[in-house]
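Undergrad: Let me begin by handing over the structure; questions about it come next.
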Amino acid sequence: MEKSVLIATCLSEEKMHVMYVDSLMKTLNHLRQNNIGCGYMFQISSVIHKNRNELAYQFLNNTQFTNLFFIDSDMSWEVSDFMKVLGSPHDICAGRYLKRMLPQTWTHAKSYLPAGFLCISRKCLEDVAKGCDIYDKDRIGFFNPLLENGTLFDEDYA
């Protein structure tokens with residue numbers, strides 16, 4: 001099956017960075033020129049992990065796309081980097097990016113992937129949903145902050 005992708009972006013307010021919009025337009029143009037099915041969706045709320053849960057819920061209820069690709073609204077990227085992540089043979093793949101903190105450090109985690117540039121296959125999300133007794137956008141908790149050994153893994157890892 002050919003891959004098709006829904007680009008999903010969480011917004012804490014009704015604005016996007018111009019570099020994000022530029023990267024999004026270049027990516028959508030490339031996908032369309034190469035006959036790769038694509039779409040995009042935005043969700044606005046100050047609670048980012050709830051946005052991600054809602055976007056995942058909507059993705060699972062729209063069988064048009066094979067992959068869900070989360071990209072933060074303050075990111076910029078090269079089309080080639082997007083295509084590398086989308087083209088991964090793995091059901092879940094993330095790109096590295098600088099965290100928004102001073103001093104800036106690269107995102108890294110041994111057990112968790114940051115969700116700011118994250119591609120997930122339909123199969124992966126469906127398998128996770130099967131393991132839950134109740135599937136509901138407010139209860140499933142695909143993307144919830146974690147507290148582990150006193151460390152909070154926030155939106156960059158949710």
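Only the coordinates and a few stated rules stand behind these numbers; no lab work does. Owing to the predicted nature of the structure, the values given are computational and were not obtained by experimental measurement. Note that each Cβ is placed from the backbone with ideal geometry, even for glycine, and that neighbours are counted across all protein chains shown.
Undergrad: Mind giving me the nanometre distance, one decimal, between the label points for Ser80 and Lys130, set 7 Å out from Cα along Cα→Cβ?
TA: With each label point 7 Å from Cα toward Cβ, the separation is 3.8 nm.
Undergrad: A further question on this structure: Taking the Cβ of each residue in Tyr20, Tyr97 as the centre, tally the other Cβ atoms inside 10 Å and list the residues starting with the fewest.
TA: Tyr20, Tyr97
Undergrad: Count neighbours as other Cβ atoms within 10 Å of each site's Cβ, and list the trypsin sites (Lys or Arg not before Pro) in the range 1-91 that are DSSP loop with at most 11 such neighbours.
TA: Lys15
Undergrad: Also, I was wondering about something else. Applying 1/(1 + (r/R0)^6) with R0 = 25 Å to the Cβ-Cβ distance of Asp91 and Val18, what FRET efficiency is obtained, to the nearest 0.05?
TA: The value I calculate is 0.15.
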